[in-house]
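Peer 1: One structure follows; several queries about it will come next.
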Amino acid sequence: MKIGKIEEKLLLYKIKKNDKEAFVKAYDLYIDQLYRFIYFKVGSREEAEDLCSAVFLKTWNYILENSLKDHKTLKALLYKIARNLIIDHYRKNKDKENLSLDADNGIEVIDEKQSAVKTMELKTDLLVLETKLPELKDEYREVIILRFVNELSIKEVAEILDKSKGNTRVLIFRALKALKELLENDEKINK
Amino acid sequence: MNEKDLLKKLNNLKNIQPDDNWKKNYREILYSQISAGAAVNKSESNLRTIWESLAPGRMFISMAKPVWITSLASILILVVGIGGVYASKNSKPGDSLYIAKIISEKAQLVMTFNEKDKAKLGLEFATNRAKEITQVLEESKEPEDKKGKQVEQLTQDFKKEISQVKNRLTTIKAAEMNNQNKEEEPEVFGANLGRNDQRMEVAEPIKPEVKNDILEENKPAVIATTTKENLNSPDKALEEAEKMFDEKNYGGTIDKIEEAKQIINKEASENGQVKGVSETATSTN
């Protein structure tokens with residue numbers, strides 16, 4: 001679901017005034033991309049769902065505390081809260097198990113209604129990328145998901161990562177280069 | 001794999017989506033959770049939201065910043081400007097602040113609209129030039145050539161100022177003469193203006209007598225001032241000042257200019273008094 005800039009600002013303004021319906025609308029708008037972002041970071045469907053729900057609840061509490069003044073966009077706030085929650089999640093589960101993106105988990109996530117061909121194509125893409133993405137540095141992976149999967153603008157990515165636009169551009173370039181190298185190496189080995 | 005393919009494949013990852021049932025269920029849970037926690041707020045229409053975001057309060061906050069910055073900057077410029085003018089008061093030709101002094105003098109002249117005040121300012125500037133000449137001559141460090149040039153320039157400026165003052169004084173005098181001639185006639189009619197017909201009828205036979213009395217009272221004062229002008233006019237003082245200036249008696253020149261200034265001031269105060277008396281006399285009618 002796509003949203004215009006003015007519409008997004010209106011939504012944020014309404015949410016700042018504790019408008020619940022507006023917040024639920026924001027949930028509808030951002031849940032998919034936020035889920036994706038969390039999923040690629042934690043690698044498990046259940047954990048991504050739990051963290052997603054925690055993100056929205058925490059964001060609402062944050063708004064109630066009237067702390068939304070500093071944030072220009074709701075999207076950036078949601079991502080920032082998600083990042084913090086993921087860090088907390090890692091800390092808590094550090095001793096329990098080593099989390100990584102599992103190919104089987106990833107395939108399960110695909111919508112069952114999609115055509116078989118497309119599903120197959122996606123499966124291969126996902127298999128390749130999902131196995132390679134965790135090999136990337138956390139910073140690179142994050143930036144690739146935000147920019148190329150969730151299609152956020154450089155300005156938005158910079159805001160989420162608390163970096164300048166220039167730094168973000170450089171980071172994106174390096175991340176893409178690193179991913180390309182990984183995939184090329186993989187191809188060479190397979191040959 | 002080229003970059004385009006890679007980006008396309010990355011974009012395919014978009015298809016990873018949460019389970020629809022979970023999404024729907026959690027939507028309801030979230031709504032109930034936020035409803036339980038917060039005070040109920042009605043959803044507002046978009047128009048109202050736009051209006052509120054454009055309301056004067058918010059506009060003021062967003063506008064306040066540049067306004068503060070510009071006002072602070074203008075205050076700073078003003079303070080620096082006033083400081084510069086003060087600092088330049090005692091400067092003489094060749095000083096870096098001398099230009100500021102000349103500019104401030106010109107600005108003062110432009111900002112003054114009364115011809116008499118302009119004449120007074122001109123006299124003040126002429127005294128400044130005379131003072132500057134004495135300062136330049138007293139200066140021992142400067143070479144003689146430079147001093148000579150500066151004195152020459154200042155002499156020209158002094159003469160210019162004095163001639164301007166003289167011109168102003170003649171125009172003021174001409175204007176005063178005109179006014180006197182005019183005042184004599186309309187004063188009789190002027191007293192009746194603004195009154196209704198009934199009162200005019202009652203007042204008509206009495207009025208001319210009263211007016212004549214007032215005119216008779218005022219006349220000697222006017223004559224007195226004009227005779228005084230003849231005896232002790234600022235023009236004469238200025239002529240003497242110029243003579244002294246030519247004789248290079250700069251101290252005497254300054255004194256004479258001061259004298260001329262005092263005469264102008266006196267005239268102004270006397271004229272004011274006469275006017276005041278005539279105004280009170282007409283208002284009693």
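The values are calculated or read from the model by the stated rules, or taken from the named source; none is laboratory data. Predicted, not measured: the structure shown is a model, and the values here were computed from it. Cβ placement follows ideal geometry from the backbone for every residue including glycine, while neighbour counts extend to all protein chains displayed.
Peer 1: Determine the pairs where a residue that is under 13 Å from residue B:154 (Cβ atoms), located within region B:83-106, has a partner that is among the small types (Gly, Ala, Ser) and at pLDDT below 85 with Cβ atoms under 7 Å apart, the partner being 6 or more residues away or on another chain.
Peer 2: Every condition considered, the pairs that remain are B:98/B:88; B:98/B:91; B:101/B:88; B:101/B:91.
Peer 1: What's the number of the only condition in (1) closer than 30 Å to residue B:10 by Cα; (2) among the aromatic types (Phe, Trp, Tyr); (3) surrounded by fewer than 18 Cβ atoms within 10 Å (Cβ to Cβ) that residue A:62 fails to meet?
Peer 2: Exception for residue A:62: condition (1).
Peer 1: Continuing with this model, one more query. Starting from region B:150-163, keep only residues that are over 12 Å from residue B:241 (Cα atoms), then list their pairs with residues that are among the small types (Gly, Ala, Ser) and buried (at least 17 other Cβ atoms within 10 Å of the Cβ) whose Cβ atoms are within a distance under 6 Å, requiring at least 6 positions of separation or different chains.
Peer 2: Close Cβ pairs satisfying both conditions: B:161/B:122; B:161/B:126.
Peer 1: Give me the pairs: first residue in region A:37-55 and at positive phi, second residue surrounded by fewer than 24 Cβ atoms within 10 Å (Cβ to Cβ), beta-carbon distance under 8 Å, and six or more apart or on different chains, which are they?
Peer 2: Pairs found: A:43/A:99; A:43/A:100; A:43/A:101; A:43/A:102; A:43/A:105; A:43/A:134.
Peer 1: Pairs under 7 Å by beta carbon, first residue closer than 17 Å to residue A:153 by Cβ in region A:3-22, partner surrounded by fewer than 18 Cβ atoms within 10 Å (Cβ to Cβ) and at pLDDT below 80, six or more apart or different chains?
Peer 2: A:8/A:73; A:12/A:73
Residue-wise test of (1) assigned to a helix (DSSP H, G or I); (2) within 27 Å of residue B:267 (Cα to Cα); (3) modelled with pLDDT of 85 or more.
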site: B:132; (1), (2), (3): yes, no, yes
site: B:150; (1), (2), (3): yes, no, no
site: B:156; (1), (2), (3): yes, no, yes
site: B:162; (1), (2), (3): yes, yes, yes
site: B:165; (1), (2), (3): yes, yes, yes
site: B:193; (1), (2), (3): no, no, no
site: B:200; (1), (2), (3): yes, no, no
site: B:215; (1), (2), (3): yes, yes, no
site: B:220; (1), (2), (3): yes, yes, no
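Peer 1: Same structure, new question: Restricting region A:135-153 to residues that are more than 9 Å from every other protein chain (Cβ to nearest Cβ) and among the aliphatic types (A, V, I, L, M), which is nearest to residue A:168 (Cα to Cα)?
Peer 2: Only one residue tops the list, namely A:143.
Peer 1: If we scan region A:17-24, do we find a residue that is under 19 Å from residue A:160 (Cα atoms) and not hydroxyl-bearing (Ser, Thr, Tyr)?
Peer 2: no
Peer 1: Note down all Cβ pairs under 6 Å where the first residue falls in region B:16-36 and is closer than 27 Å to residue A:145 by Cβ, the second is assigned to a helix (DSSP H, G or I) and charged (D, E, K, R), and they're at least six residues apart or on different chains.
Peer 2: Hits for this filter: B:16/A:36; B:17/A:32; B:22/A:49.
Peer 1: Which condition does residue A:120 not pass, out of (1) within 9 Å of chain B (Cβ to nearest Cβ); (2) modelled with pLDDT under 70, if it passes all the others?
Peer 2: That leaves (1) as the condition not met.
Peer 1: Mind checking which residues of region A:22-59 are surrounded by fewer than 21 Cβ atoms within 10 Å (Cβ to Cβ), closer than 14 Å to residue A:75 by Cβ and at the interface with chain B (Cβ under 10 Å from one of its Cβ atoms)?
Peer 2: Within region A:22-59, A:25, A:28, A:32 meet the criteria.
Peer 1: Pull up region A:1-21, narrow it to residues that are within 7 Å of another protein chain (Cβ to nearest Cβ) and assigned to a helix (DSSP H, G or I), then point me to the one that is surrounded by the most Cβ atoms within 10 Å (Cβ to Cβ).
Peer 2: This residue is A:14.
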